[in-house]
Amino acid sequence: MAEFNHKMLLKLREEKGWSRRELMLKLHDLGVSISESSIENWENNVSTPDIEKIVPLARLFGTTAEALVK
């Protein structure tokens, strides 16, 4: 079974130069309700995003949902 790639999320966010807050606001603009602490938990592998959040994440980073799972 595929697992969320928390290291890839962190890498992509840092490459964009976005803070967690900026990512949260960009997701909100796409209609995804998420908190800054949830993004921190994803990046620290404490929790994983629901599948319906992975697709918008991938779109923001110009990648595929498959790139965010390993």
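The values are calculated or read from the model by the stated rules, or taken from the named source; none is laboratory data. Note that the structure is predicted; figures quoted are calculated from it, not measured. Note that each Cβ is placed from the backbone with ideal geometry, even for glycine, and that neighbours are counted across all protein chains shown. Just the protein is used for accessible areas: all its heavy atoms, side chains included, with ligands, DNA and RNA removed. Shrake-Rupley method; radii C 1.70, N 1.55, O 1.52, S 1.80 Å.
The table below lists the values:
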| quantity | calculated |
| --- | --- |
| Count of the range 24-44 residues which are open to solvent by less than 40 Å² (accessible area, probe 1.4 Å), assigned to a helix (DSSP H, G or I) and either among the hydrophobic types (A, V, I, L, M, F, W, C) or touching a helix residue (DSSP H, G or I) at 6+ places or on another chain (Cβ under 6 Å) (or both) | 5 |
| Test: Ser47 is outside any helix (DSSP H, G or I), free of Cβ contacts under 8 Å to residues at least 24 places away in the same chain, of a type in the set (Ser, Thr, Tyr) and open to solvent by 80 Å² or more (accessible area, probe 1.4 Å) | no |
| Residue identified as free of Cβ contacts under 8 Å to residues at least 12 places away in the same chain, basic (Lys, Arg) and part of a helix (DSSP H, G or I) among Lys11, Lys53 | Lys11 |
| Index of the failed condition, Val69 passing every other in (1) surrounded by 14 or more Cβ atoms within 10 Å (Cβ to Cβ); (2) without any contact (Cβ under 8 Å) to a residue 40 or more places away in the chain | (2) |
| Residue satisfying condition, being surrounded by 13 or more Cβ atoms within 10 Å (Cβ to Cβ) and over 11 Å from Leu68 (Cα atoms), within set Arg13, Arg21 | Arg13 |
